[in-house]
1. Being modelled with pLDDT of 85 or more, out of contact with any helix residue (DSSP H, G or I) (no Cβ under 8 Å at 6 or more places or on another chain) and part of a helix (DSSP H, G or I) is the requirement here; does GLN17 meet it?
2. Identify the residue in the range 43-71 that is hydroxyl-bearing (Ser, Thr, Tyr) and assigned to a helix (DSSP H, G or I) and, among all such residues, is nearest to VAL106 (Cα to Cα).
3. Just checking, which of ALA7, ALA66, ALA61 is more than 19 Å from the chain's Cα centre (by Cα) and modelled with pLDDT of 90 or more?
4. Which residues, counting only those in the range 84-118, are of a type in the set (Lys, Arg) and modelled with pLDDT of 90 or more?
5. I'm told ALA100 meets every condition in (1) touching a Leu at 6+ places or on another chain (Cβ under 8 Å); (2) surrounded by 15 or more Cβ atoms within 10 Å (Cβ to Cβ) except one. Can you identify the failing condition by its number?
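The values are calculated or read from the model by the stated rules, or taken from the named source; none is laboratory data. Keep in mind that this is a model prediction, so the values were computed, not measured. Here Cβ is always computed from backbone atoms with ideal geometry, including for glycine, and neighbour counts include all displayed protein chains.
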Amino acid sequence: MQPSGVAQVEVLTQAIQAIGQLLAVQQLQGAHQQEWMQCNAALFRMPRMTKDHDPEAYIEAFEQKAIQTGLDRSQWGHQLGVLVIDKAQAAYRTLSREEAQDYEAVKATILYRLQISPELPAGIQGSQAKGK
């Protein structure tokens, strides 16, 4: 039985080494992805919203700029959230992390809070009341 015990240890050792190599590759891929996302977000430049901006026009300009600069759509919600002010910023902050990653949810919540859109789309939990 001792030879099979040694064989089992060897198989387990090889499996652990393979898992270690897979983890190293995944970490490297994750680092590259994070670097790419940071670089992509760094290329996106847009002035913050001001009280003088029409919110709908600002959001439309944001979308055009995001498309022109090639900003990854997964970053749109976060980028818009940090650029808006006052009630729009407060609306963004009511969203869960998952909702804040969904650009359409961010946009809908902001427009709802600013009383531009009459209804909050189904499934969005963050904004419970319109706020005045």
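1. yes
2. Once the filter is applied, the top-ranked residue is TYR58.
3. Matching residue, one of ALA7, ALA66, ALA61: ALA61.
4. If the condition is that a residue be of a type in the set (Lys, Arg) and modelled with pLDDT of 90 or more, then LYS87, ARG93, LYS107, ARG113 are the ones that fit.
5. Of everything listed in (1) touching a Leu at 6+ places or on another chain (Cβ under 8 Å); (2) surrounded by 15 or more Cβ atoms within 10 Å (Cβ to Cβ), ALA100 misses just condition (1).
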